[in-house]
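Undergrad: Here it is, the structure in full.
The values are calculated or read from the model by the stated rules, or taken from the named source; none is laboratory data. Because the structure is a prediction, the values reported are computed rather than measured. Cβ coordinates were reconstructed from backbone atoms using ideal geometry, including for glycine residues, and neighbour counts include every protein chain displayed. All accessible areas refer to the heavy atoms of the entire protein, side chains included, with ligands and DNA or RNA removed. Shrake-Rupley method; radii C 1.70, N 1.55, O 1.52, S 1.80 Å.
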Amino acid sequence: MIVFSERINGMYRDVRAAIPERNKQLIHQLLEKQLAGGADVVDINIGPSKGDPVENFIWLAQTVHEMTDKPLSLDSAKADLLVQVVPRVRQALPDTKLVINSCTAARAYMDKLIPIAVENHTGIIGLTMDQDGVPGNVEKRVECGATFLMTALEAGMSTDDIYLDPITLPINAAFKQQENVIEGIRQLALINDPAPHFIIGLSNVSTKCLLNKLLNRTFLVMCLTAGLDTAIVDSADQELIDAMVTAEVLLGKQLYSDEYVKAWRMQKGLPTGC
Ligand code: THG
């Protein structure tokens, strides 16, 4: 499983305030916990922070990179912002792996962002939605995912650099959409060989829900059985990571041993606490 950490995101009030204040210490404190939990990629999103969005984004990328060489996922729903930011971050951090997060399957978005991914040697996350919004059924999600994948491959990208995101909506507001995410992953994994990566923004499922951590870890395990191999999560949530590793062991993706969580941490070069 590839773990993207979600916490360096201006949707969180502390990060939103830290960005215009250029408060590196706060970002580093949060990041340290995400890395200690097992993050492989750091998703960064400036959210609605005050100030110049391009300069804020570059500052955030550099601040994260000061602590880690891990790949960065440049997260914004604004394609025009990503068009400006990606080449600047590529120039500032020439040896860092980058992922563009994200691009819809609408023609106008793909025409803007896929060439940026190719030119700057980045990965890209394709959302299974188009100009008509988030589909309410599996069929349209699969169609959008297939369109995005074909377009990215035809532009010269490799399957390993493409992540399809079937779009997770909150359980308290979007009843029955969660099973479409699971079925979407299952069908897109079946019809594409070799399959791209499948990713979700896990915490979306529980936004403003009381039992958010329980919802997150249960939904993660359900998606893993369908073929999810990547997720944007709070990697400092130990119970979530333990559930993820356990599901991988039970699905035969990790070897069982009596201390399989410890073994997983050792494989990643993380401290095991003894
Ligand atoms: N797909 C892709 N990228 C994404 C998402 C996705 N990026 C953003 C988001 N979704 C994933 N990251 C988060 C980060 C935080 C929350 C949800 C998803 C979240 N935060 C609390 C809330 O809004 O209730 C913040 C509250 C607080 O300040 O404590 O839920 O789906 N490709």
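Undergrad: What do you reckon, how do E119, E259 stack up by accessible area (1.4 Å probe), largest on top? Mind showing how you got there, number by number?
TA: Values: E119 130, E259 110 Å².
Highest to lowest solvent-accessible surface, that is E119, E259.
Undergrad: Give me the distance between the Cα centres of segment 39-98 and segment 111-176, rounded to whole Å.
TA: Taking the Cα centre of segment 111-176 as reference, the centre of segment 39-98 is 20 Å away.
Undergrad: Sequence-distant or interchain residues sharing an amide H contact under 5 Å with I2, placed H: which?
TA: Distant-sequence amide H within range of I2: T230, A231.
Undergrad: What 222 nm value per residue comes from the helices of the chain, counting each DSSP H run with n ≥ 4 as -39,500 (n - 2.57) and dividing by all residues, nearest 500 deg cm²/dmol?
TA: After summing the helix terms and dividing by residue count, I get -15500 deg cm²/dmol.
Undergrad: Expressed as a rounded percentage, what relative contact order does the chain have, with Cα pairs under 8 Å and six or more residues apart?
TA: Working: 484 pairs, mean separation 46.2, N = 274.
It comes to 17 percent, rounded to a whole number.
Undergrad: Follow-up. Determine ³J(HN,Hα), in whole Hz, for all residues of segment 106-118 in sequence, where each value follows from phi through the Karplus function 6.51 cos²θ - 1.76 cosθ + 1.60 and θ = phi - 60°; x replaces Gly and Pro.
TA: Taking θ as phi minus 60°, the curve returns 6, 3, 4, 6, 4, 5, 7, 9, 5, x, 5, 5, 5 Hz for segment 106-118.
Undergrad: Now a separate question. At 1.4 Å probe size, with the rest of the protein present, what percent of the exposed accessible area of segment 1-46 is carbon and sulfur atoms? Don't skip to the answer; put the middle values down first.
TA: Numbers: 940 of 1910 Å².
Carbon-and-sulfur percentage of accessible area, whole number: 49.
Undergrad: Still on this structure, I have one more. Under 19 Å Cα to Cα from K112, which aspartates and glutamates show up? Leave out anything in the same chain fewer than 8 places away.
TA: D75, D80, D130, D132, E154, D161, D165
Undergrad: Starting from the amide H of T168, placed 1.01 Å from N in the peptide plane, find each other amide H under 5 Å away whose residue is 5 or more places distant or on another chain.
TA: G201
Undergrad: With each pseudo-label sitting 7 Å past Cα toward Cβ, what's the A173-M67 distance in nm, one decimal?
TA: 2.8
Undergrad: Also: Around M157, which amide H atoms from residues at least 5 apart in sequence, or from another chain, sit under 5 Å from its own amide H, with H modelled in the peptide plane?
TA: HN-HN under 5 Å from M157: empty list.
Undergrad: So how many Å³ per residue does the convex hull of the Cα atoms of segment 153-274 work out to? Working shown, then result.
TA: Values: hull volume 15.7 nm³, N = 122.
Enclosed volume per residue, from the Cα hull, is 129 Å³.
Undergrad: Sticking with this structure for a sec: Sticking with the crude label model, points 7 Å out along Cα→Cβ, report the distance from L255 to L190 in nm, one decimal please.
TA: Spacing of the two 7 Å Cα→Cβ label points: 3.3 nm.
Undergrad: At a 1.4 Å probe radius, carbon and sulfur cover how many percent of the accessible area of segment 74-143? Display every interim value, and only then the final one.
TA: On the way: 1620 of 3180 Å².
Roughly 51 percent, rounded to a whole number.
Undergrad: Over segment 71-180, what is the mean sequence separation of C-alpha contacts under 8 Å (at least six apart), divided by residue count, expressed as relative contact order in percent?
TA: On the way: 166 pairs, mean separation 24.9, N = 110.
This gives 23 percent for segment 71-180.
Undergrad: Compare the Cα positions of F57, L211, Y260 along the charge dipole of the chain (+1 at Cβ of Lys, Arg; -1 at Cβ of Asp, Glu; about the Cα centre) and return the one farthest towards the positive end.
TA: Farthest towards the positive end: L211.
Undergrad: For segment 68-151, would you read off the P(r) tail past 18 Å as a percentage of all alpha carbon pairs?
TA: Details: 1412 of 3486 pairs.
Here the tail beyond 18 Å accounts for 41 percent of pairs.
Undergrad: Find the all-direction average of the projected area of the Cα convex hull for the chain, expressing the result in square nanometres with one decimal place.
TA: Working: hull surface 56.7 nm².
The Cα convex hull of the chain, projected and averaged over all directions, gives 14.2 nm².
Undergrad: Would you mind getting the accessible area per residue of the chain, heavy atoms of the protein chains only, 1.4 Å probe, in Å²?
TA: On the way: 12840 Å² over 274 residues.
The answer is 47 Å² per residue.
Undergrad: Can you count the Lys pairs in segment 167-274 whose Cα atoms are under 24 Å apart, with each pair 8 or more apart or on different chains? Write down the numbers at each step before the final one.
TA: Working: K176/K208; K176/K213; K213/K253; K213/K262; K213/K268; K253/K262; K253/K268.
The number of close lysine pairs in segment 167-274 is 7.
Undergrad: Along the charge dipole of the chain, Cβ charges K/R +1 and D/E -1, which of L30, G123, I171 sits furthest on the positive end?
TA: Most positive-ward Cα: L30.
Undergrad: Further, regarding this structure: Quantify, in whole percent, the carbon and sulfur part of the accessible surface of segment 153-249 (1.4 Å probe; protein heavy atoms only).
TA: On the way: 2390 of 4290 Å².
Using a 1.4 Å probe with all protein chains present, segment 153-249 comes out at 56 percent carbon and sulfur.
Undergrad: Let me ask something else. How far apart, in nm, are two points set 7 Å out from the Cα along the Cα-to-Cβ line at R13 and at E32?
TA: Simple spin-label model gives 2.4 nm for this pair.
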